[in-house]
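Student: Pasting a structure here, questions to come.
The values are calculated or read from the model by the stated rules, or taken from the named source; none is laboratory data. Quantities reported herein were computed from a predicted structural model and do not represent experimental measurements. Cβ placement follows ideal geometry from the backbone for every residue including glycine, while neighbour counts extend to all protein chains displayed. Side chains included, ligands, DNA and RNA excluded: accessible areas come from the protein's heavy atoms. Shrake-Rupley method; radii C 1.70, N 1.55, O 1.52, S 1.80 Å.
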Amino acid sequence: GIIGGAATLAITNSENYGDIGWGAGYSKSNTVTGAGGIAGGLGNSTLAAVTNHGAVKAATAGGGLVGSTLIRKEDGTYSDVVIASGHNYGAVEAKKKAGGIVGEAQTMLLSCYNKGAVYSSSGEAGGLMAFGPAAVVQDCYNNASVSGGITGGLIGACHFYILTASA
């Protein structure tokens with residue numbers, strides 16, 4: 001949406017209104033990995049006061065705000081991303097790993113919400129996060145439908161997480 005990918009990034013007070021990913025006029029292929037309303041792929045980064053209004057579509061790792069923080073697929077290494085006051089209104093669709101806020105990430109979500117429908121045709125889907133090795137989620141909520149293979153109203157699948165004051 002705002003940036004395709006970056007190793008380290010800080011984004012504040014930013015909004016995206018455009019559609020992202022395959023079928024959105026940007027790519028004729030349905031092989032997009034890491035598509036997000038704010039960023040497609042990130043290293044260790046911080047986002048604050050960011051909002052997405054556009055639809056996001058990806059083959060793997062579609063997120064309303066961030067697609068992926070996966071560094072190395074072979075050993076499952078992820079970067080850390082912190083998102084404070086992040087909001088998504090756009091629908092998110094991915095074959096695998098569709099999340100209202102993040103697709104696949106090791107993340108901390110603070111005061112975030114999703115109001116866009118989330119759909120994964122064959123993988124994890126979560127109202128806030130589809131998949132991650134670790135997550136801290138505080139004061140966040142999802143107010144949209146979520147459907148997919150492994151589905152959660154807030155988190156699709158996560159190895160270790162702390163969840164407080166969220167709905």
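Student: Pop a pseudo-label 7 angstrom from the Cα along the beta-carbon direction at both Ala7 and Ala49 and give the gap in nm to one decimal.
Tutor: About 2.9 nm separates the two model spin labels.
Student: Convex hull over the Cα atoms of the range 35-104, averaged projected area in nm²? List each step's numbers first, then the result.
Tutor: Working: hull surface 15.7 nm².
It is 3.9 nm².
Student: Now for a separate question. Ignoring everything but the protein chains, give the 1.4 Å probe accessible area of His159 in square angstrom, nearest 10.
Tutor: Near enough 120 Å² of accessible area.
Student: Return, for the Cα atoms of the range 32-167, the radius of gyration and Dmax in Å, separated by a comma.
Tutor: 12.2, 35
Student: Compute the separation of the alpha-carbon centres of the range 7-22 and the range 89-159 and state it in Å as a whole number.
Tutor: 17
Student: Let's see if you can work this out: charge +1 on each Lys and Arg Cβ, -1 on each Asp and Glu Cβ, no other charges. What is the dipole magnitude of the chain about its Cα centre, in debye to the nearest 20? Show your work: numbers first, answer last.
Tutor: Working: 8 positive and 9 negative charges, 64 e Å.
I would put it at about 300 debye.
Student: About the Cα centre of the range 52-96, what is the dipole size in debye to 20, counting +1 per Lys and Arg Cβ and -1 per Asp and Glu Cβ, all else neutral? Could you put the intermediate results ahead of the total?
Tutor: Values: 5 positive and 4 negative charges, 37 e Å.
In total the dipole reaches around 180 debye.
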